[in-house]
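First up is the structure itself, then whatever we jot down about it.
The values are calculated or read from the model by the stated rules, or taken from the named source; none is laboratory data. Keep in mind that what you see is a predicted model, and the values were worked out from it rather than measured. Backbone-built Cβ (ideal geometry, glycine too); neighbour counts: all protein chains shown.
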Amino acid sequence: MKRLATIALTVSLLFGGSVTAVPAAQAAVSVALPAAKKTVAKTAITTHPRSVTAVKGSTAKFSASSKGHKLKYQWQLKTSKAPAWKNVSGATGKSLTLKKIKTGASKNQYRVRVTGTNGKVTSKKATLTVRNHYKPVVSHLSTTTFEVGRAATLRITGRNFHDVTSITVDGYPAKFKKTGTTRLDLTVPRGYMEESVRLVVSSAAGRVTKNITYFTYLSNADRTTFLRSIDQSLISYGAPAAKVKTIYANARGYIASPKAWEAKAYDQWQIALYALEYSDAIREANIAGDQYENLEKMAGYAEQVGDAGKARQYRTQAAEYAATRDAYNQIASNSLGYIRTYGIKV
């Protein structure tokens, strides 16, 4: 028992406790150990606020992360006009949100002071940059043609896509993905008929409009019908004249192509027929013109020999051929006019 009392006394002295005189039988349990001390974390900022670029009239947000005990925050501001740091009224949270910012706030600097049980710390400064809205500029569309009945992807490249808020196709909104400030990707909705529609890229600063076209491939049955019609007209009218030979060949060649569109093929069919009509009319006009000149010469010979009756007869016939010539020339002119309505120079 004495040995136990000695051990108890030794342990008590080693740990800074006190010794109370007790009977030897109780000495082993009479040690009083000190209470453990709590460690309070030192106040520190773990994530500093970052500089922000925002659009005029929008919202900008600064935030910071910190560690410590019983933390309190106070955001501060420094402007070019007032270089001293000042507290931002009411800004006592982990983040600072600025609404409806103006261009005059550009280059303002912000920081946050964090106070805790174990110290105070101030973050690094962050700068606010305010810019005006950018008007988008579209320089290229990956395609401008889309097959009817099929949705397809479209890539738009250009610049100033920072503030693009919407893209519409024929007035209907289209979902899009923005990559940086120079690329937009979207799915163009399925069209239901051949037509040209407007694609509009919009931002708060303005909009840009491009035309895209929905098309249908020409069916084999329609292709055969168009080509047969052209070939029958070729037999009736004869070969195309030199003035429209290339136009005719291009029109027929387009229809024969497996990539021909339905609506455009119809236009090319019309062009080919007008080219043949022109060719026939100009030939008939030339024939009538030659007859007119011959009859005028014969009328002149008749007058020279004193045959006035014959001269009148020839001139009457010449006038008829002149009228025929003029009528065919008018048909030829009209045919060229129709061809020009399709945007072809001739």
TODO: Return a yes/no flag: does segment 107-116 have any residue that is farther than 25 Å from Val55 by Cβ and modelled with pLDDT under 95.
DONE: yes
- [ ] Show the residue pairs that are 6+ apart or on different chains and have beta-carbon atoms under 8 Å apart, the first residue being within segment 142-155 and without any contact (Cβ under 8 Å) to a residue 40 or more places away in the chain, the second being of a type outside the set (S, T, N, Q) and assigned to a loop (DSSP other than H, G, I, E, B).
- [x] Ala151/Pro189; Ala151/Arg190
TODO: Give me the pairs, please: first residue somewhere in segment 287-303 and touching a residue at least 40 places away in the same chain (Cβ under 8 Å), second residue anywhere and in a helix (DSSP H, G or I), beta-carbon distance under 8 Å, and either six or more positions apart or on two chains.
DONE: Ala288/Tyr321; Ala288/Ala322; Ala288/Thr324; Ala288/Arg325; Ala288/Tyr328
Open item on the list: Out of the residues in segment 72-109 meeting the condition of being under 42 Å from the mean Cα position of the chain (by Cα), farther than 16 Å from Ile45 by Cβ and basic (Lys, Arg), tell me which one is surrounded by the most Cβ atoms within 10 Å (Cβ to Cβ).
Closed with: Lys78
- [ ] Taking Phe161 as meeting all but one of (1) out of contact with any strand residue (DSSP E or B) (no Cβ under 7 Å at 6 or more places or on another chain); (2) surrounded by 16 or more Cβ atoms within 10 Å (Cβ to Cβ), write down the number of the exception.
- [x] (1)
- [ ] Kindly check whether there is at least one residue in segment 201-214 that is at pLDDT 95 or above, among the hydrophobic types (A, V, I, L, M, F, W, C) and surrounded by fewer than 16 Cβ atoms within 10 Å (Cβ to Cβ).
- [x] no
TODO: Considering only segment 31-69, state which residues are of a type in the set (D, E, K, R) and either at pLDDT 95 or above or not in a loop (DSSP other than H, G, I, E, B) (or both).
DONE: Arg50, Lys61, Lys67
Task: Residue list for segment 110-133, restricted to those being loosely packed, with under 15 Cβ neighbours inside 10 Å, in a loop (DSSP other than H, G, I, E, B) and of a type outside the set (D, E, K, R) - done: Thr117, Asn118, Asn132
Task: Members of segment 247-302 found to be surrounded by 15 or more Cβ atoms within 10 Å (Cβ to Cβ) and in a loop (DSSP other than H, G, I, E, B), listed by number - done: Ala260
- [ ] For segment 58-70, indicate whether the set of residues that are surrounded by 13 or more Cβ atoms within 10 Å (Cβ to Cβ), closer than 30 Å to Leu199 by Cα and free of Cβ contacts under 8 Å to residues at least 60 places away in the same chain is non-empty.
- [x] yes
TODO: Among the residues of segment 225-257, count how many are touching a residue at least 40 places away in the same chain (Cβ under 8 Å) and more than 16 Å from Ile331 (Cβ to Cβ).
DONE: 6
Open item on the list: Taking the criterion of being under 38 Å from the mean Cα position of the chain (by Cα), surrounded by fewer than 16 Cβ atoms within 10 Å (Cβ to Cβ) and of a type in the set (A, V, I, L, M, F, W, C), would at least one residue in segment 187-195 satisfy it?
Closed with: yes
TODO: Scan (1) exposed (fewer than 13 other Cβ atoms within 10 Å of the Cβ); (2) part of a helix (DSSP H, G or I) for the single condition Asp222 breaks and write down its number.
DONE: (1)
Open item on the list: Regarding segment 143-150, can at least one residue be identified that is of a type in the set (S, T, N, Q), part of a loop (DSSP other than H, G, I, E, B), at pLDDT 90 or above and within 27 Å of Leu184 (Cα to Cα)?
Closed with: yes
TODO: Just name the residue that is nearest to Thr216 (Cα to Cα) out of those in segment 155-194 that are basic (Lys, Arg) and in a loop (DSSP other than H, G, I, E, B).
DONE: Arg190
TODO: Could you tell me whether Pro136 is more than 30 Å from Asp267 (Cα to Cα), surrounded by 15 or more Cβ atoms within 10 Å (Cβ to Cβ) and not hydroxyl-bearing (Ser, Thr, Tyr)?
DONE: yes
Task: Count - residues of segment 303-346 that are among the hydrophobic types (A, V, I, L, M, F, W, C) and assigned to a loop (DSSP other than H, G, I, E, B) - done: 3
